[in-house]
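The values are calculated or read from the model by the stated rules, or taken from the named source; none is laboratory data. Quantities reported herein were computed from a predicted structural model and do not represent experimental measurements. FYI the Cβ positions are ideal-geometry reconstructions off the backbone, even for glycines, and counts take in every protein chain you see.
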Ligand code: GLA
């Protein structure tokens, strides 16, 4: 079951007895070449909002059941989510029956998923969407349901037969780091062998970090995205800690992101309870800069128009999904203001400025244009559009000028810079 904090989690993992520290096993240098996740995966994932609610008598509307996923699939089509790019409806932990069947196959809880996963997949596909499922590399899932250790081929085959399109593979209850690394690799190959296109979402580096620096070259060869850091919670503290971790480790992770493989800072919690409007803007803007999978965990039946507009913002999604596929990074931090930037296709750049000062009102910030985009973004000039918190054309800027803005506490201003190579092109 989910532990309450990163510290607790670390303690838990470090407390495990690992008999030997083994070198990375190698199943061959084959890169993960499944043609999937050429841009970061977009969809909906149940965990942060619905967790492991399994009592459908008590909580008929929020328990983990086929009804929940069918409702989300319906809304994804009727409320514009699919048109905005959200495609995968993903099941997390707690969907399983407590035991495998007599053939050793995983089975969905028969009360909560009376039609089984295959019927649910058919339904989701009939809406033009894709279905994601969850399993675990170890002996049990984090919530204690059957793990895939010893059953990788059977489980990959079962998921493929059911018509599953994405697997989130967790790393709880694994008894050694050799089993962890071998298991993540093995499952990747097992999924490929099924012949079905299944996005492979890993948590391999998250479970590896307490022991040593993960081998991201290897991870990218086997996974379409990978979690590095603790679970997102519905709080500013959590979102901030993810951003902190990412910027502190950017030299180690940013260059490994690209078409087919992405760093995963976890779900979008926009539209829930814990983030203010400005903090929701910050999550959306920075997840776009980080080229993060956009997996919302919220209740699409009850979401404010404002959160919906933010999550469906086409300009921000275009930054997230930019075909160049380069992850952004933190450029500077001064006086509690952070500047992040991301190179985009056609020589454009995205720039985000976040005000981390939690006292006072909006703060002015001024930055020289020449310092952005490695000195080339606006050389000799560029058009700047502010995208968040609201869209505003800011016009042509010369390389020698500066960009001035005001940023709310814990909020972010997101810009798009379009290169203009010659001044006369500005019209
Ligand atoms: C771990 C994962 C979470 C979620 C839970 C489910 O904590 O990191 O994203 O899948 O397990 O139990």
Open item on the list: Given the condition in the same structural domain as residue 51 (by TED's automatic domain parsing), within 16 Å of the ligand (Cβ to nearest atom) and within 30 Å of residue 121 (Cα to Cα), answer yes or no: does some residue in region 242-256 qualify?
Closed with: no
Open item on the list: When you check residue 233 against the structure, is it at pLDDT 95 or above, within 14 Å of the ligand (Cβ to nearest atom) and assigned by TED's automatic domain parsing to the domain that holds residue 257, yes or no?
Closed with: yes
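Is at least one residue of region 128-149 assigned to a helix (DSSP H, G or I) and within 16 Å of the ligand (Cβ to nearest atom)? I'd like the intermediate steps shown before the answer.
Taking region 128-149 and keeping what is assigned to a helix (DSSP H, G or I), we get none.
Among the residues of region 128-149, not one is assigned to a helix (DSSP H, G or I) and within 16 Å of the ligand (Cβ to nearest atom), which makes the answer no.
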Open item on the list: Can you confirm whether residue 92 is part of a loop (DSSP other than H, G, I, E, B), in the same structural domain as residue 141 (by TED's automatic domain parsing) and crowded, with 23+ Cβ neighbours inside 10 Å?
Closed with: yes
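Criterion first (under 15 Å from the mean Cα position of the chain (by Cα) and within 14 Å of the ligand (Cβ to nearest atom)) does residue 228 satisfy it?
Values: under 15 Å from the mean Cα position of the chain (by Cα): yes; within 14 Å of the ligand (Cβ to nearest atom): yes.
Yes; evaluated as a whole, the condition is true for this residue.
Taking the condition within 14 Å of the ligand (Cβ to nearest atom), within 18 Å of residue 141 (Cβ to Cβ), assigned to a helix (DSSP H, G or I) and at pLDDT 95 or above, does residue 206 pass? So that I can check it myself, show each step before the final result.
On the way: within 14 Å of the ligand (Cβ to nearest atom): yes; within 18 Å of residue 141 (Cβ to Cβ): yes; assigned to a helix (DSSP H, G or I): yes; at pLDDT 95 or above: yes.
The answer is yes for residue 206.
Tally time: how many residues in region 83-102 are within 13 Å of residue 147 (Cβ to Cβ), within 15 Å of the ligand (Cβ to nearest atom) and in contact with a strand residue (DSSP E or B) (Cβ under 7 Å, 6 or more places away or on another chain)?
Within region 83-102, the subset within 13 Å of residue 147 (Cβ to Cβ) is 93, 96, 98-100.
Remaining after also requiring within 15 Å of the ligand (Cβ to nearest atom): 93, 96, 98.
Still in the running and in contact with a strand residue (DSSP E or B) (Cβ under 7 Å, 6 or more places away or on another chain): 93, 96.
Matching residues across region 83-102 total 2.
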Task: Boolean, residue 63 is within 18 Å of residue 202 (Cα to Cα) and at pLDDT 95 or above - done: no
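Condition check ((1) under 18 Å from the mean Cα position of the chain (by Cα); (2) within 14 Å of the ligand (Cβ to nearest atom); (3) assigned to a helix (DSSP H, G or I); (4) at pLDDT 95 or above) across all residues:
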position	(1), (2), (3), (4)
158	no, no, yes, yes
182	no, no, yes, yes
191	no, no, yes, yes
213	no, no, no, yes
219	yes, no, yes, yes
